[in-house]
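Let me begin by presenting the structure, written as structure tokens, before commenting on it.
Bear in mind these aren't lab numbers, they're just calculated from the coordinates by the rules spelled out. Keep in mind it's a predicted model, so treat the numbers as computed, not measured. Here the Cβ positions follow ideal geometry from the backbone for every residue, glycine too, while neighbour counts run over all protein chains shown.
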Amino acid sequence: MNTNDNNKEIHDDTEIVKNCVFCKIIRNEIPAVKIYEDNETIAFLDISPNTRGHILIIPKSHHENIYGIPVESWCHMNITAQKIAIALKSSLSADGINIAMNNESAAHQLVFHAHIHVIPRYNDFEDKKYTYITGEMEDLAKEIKESI
């Protein structure tokens, strides 16, 4: 099997989309706690969050990263990111918001489907991953959705 410069296996596009975890969320093949959805994007809670309320925004069409995403899709992702950032600031009383995108392995991209991280930040932040307790994600989603 061939690999590209990023040491990832090269497959045909059908195989990539078939196995992509975010494409599976789009197709409702695996669960996600969705916060927002429109014709172009889906926003859902990250299952390995940096902070409580860390949300991922993905385009509904598969693009590996910023280098290949059409500008219209990129712009729509950012429109969604702004809606989510405003909702997080309001609903969670966040002291700040990080908006980030990791592109390629060297930048710590773990899922090779373009996505934006919207991460609420707090003045009393501890530098460790946040862990949700059972049922917390669903309750949090309701709280955030009310602010969109």
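Only residues that are within 15 Å of D46 (Cα to Cα), hydrophobic (A, V, I, L, M, F, W, C) and surrounded by fewer than 17 Cβ atoms within 10 Å (Cβ to Cβ) were counted in the range 113-148, giving 1.
Looking at the range 54-69 only, could you name the residues that are in contact with a Ser or Thr (Cβ under 8 Å, 6 or more places away or on another chain), in contact (Cβ under 8 Å) with a residue 40 or more places away in the chain and in a loop (DSSP other than H, G, I, E, B)? Selection gives H63 alone. Contact map, the range 121-148: residues that are of a type in the set (G, A, S) paired with residues that are in a loop (DSSP other than H, G, I, E, B), Cβ distance under 7 Å, separation 6+ or inter-chain. Pairs shown: A141/V33. Considering (1) polar (S, T, N, Q); (2) closer than 16 Å to L45 by Cβ; (3) free of Cβ contacts under 8 Å to residues at least 40 places away in the same chain; (4) surrounded by 12 or more Cβ atoms within 10 Å (Cβ to Cβ), the lone condition that N102 does not fulfil carries the number (2).
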